[in-house]
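Here's the structure, in structure tokens; my notes come after.
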Amino acid sequence: MKNDYELGVMNGAMGIVLDTAADGSLTIDFDGHPVEISGDSGAPGNLQLAYATSIHKVQGSEFPCAIVIAHKSHSFMHHRNLLYTAVTRAKDAVIILGDRWGIDNCASKCQWTGVTRSSRSCCRARRARDRAPGGCSHLLPPNHRRGHR
């Protein structure tokens, strides 16, 4: 939604549609505050459905369950910080979908935004992971680890 100061709803706010009317009016709950949107105003045209969203857009938010994709087809985005951010969006449960290579790569790849203490720590952890037998297989359930088919 675009910033709408009259309704008190800002860009990026997510809500749940509580009611719809024949005239196109909507009642949407934004963080516990129901908002009435008239069907003849321009506001409904500013709404976007959010069945799924990106990790970047929900940073700072929490959900009962988060489904995270860590597949090799998304390898250009893989890095440990992004996986951490995705997993910590979940209050109760997280589901990580992907292939072994994608999950392993995402868990082990450092994001380089300059040499900082955290990036040096990340790279030390990666070197330790590379020396450890089985790589990051400790992140997978026991029946999915290397040597268990």
Query raised in the report: For Ile16 and Met77, FRET efficiency with R0 = 22 Å and r from the beta-carbon atoms, rounded to 0.05?
Result: 0.20
Query - Efficiency of FRET between Ala90 and Tyr5 - r from beta-carbon atoms, R0 41 angstrom, step 0.05 - result: 0.80
Query raised in the report: What's the extension gain from Ser25 to Ser41 if we count 0.36 nm per residue and subtract their Cα-Cα distance?
Result: 4.9 nm
Report task. Could you please state how large a percent of the accessible area of the stretch 1-81 is carbon and sulfur, counting protein chains only and using a 1.4 Å probe? Result -> 53
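Please report the relative contact order for the stretch 1-69, taking Cα pairs under 8 Å with a sequence separation of at least 6, and give it as a percent rounded to a whole number.
Numbers: 73 pairs, mean separation 14.3, N = 69.
For the stretch 1-69, the relative contact order is 21 percent.
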Report summary line: proj_area_mean for the stretch 1-69 (convex hull on C-alpha atoms), units nm², value 5.3
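The values are calculated or read from the model by the stated rules, or taken from the named source; none is laboratory data. Here the structure is a predicted model, which means the values were calculated and not measured. For neighbour counting, all protein chains shown are included, and Cβ atoms are generated from backbone atoms with ideal geometry for every residue, glycine included. Keep in mind that these areas ignore ligands, DNA and RNA; they rest on the heavy atoms of the full protein, side chains included. Shrake-Rupley method; radii C 1.70, N 1.55, O 1.52, S 1.80 Å.
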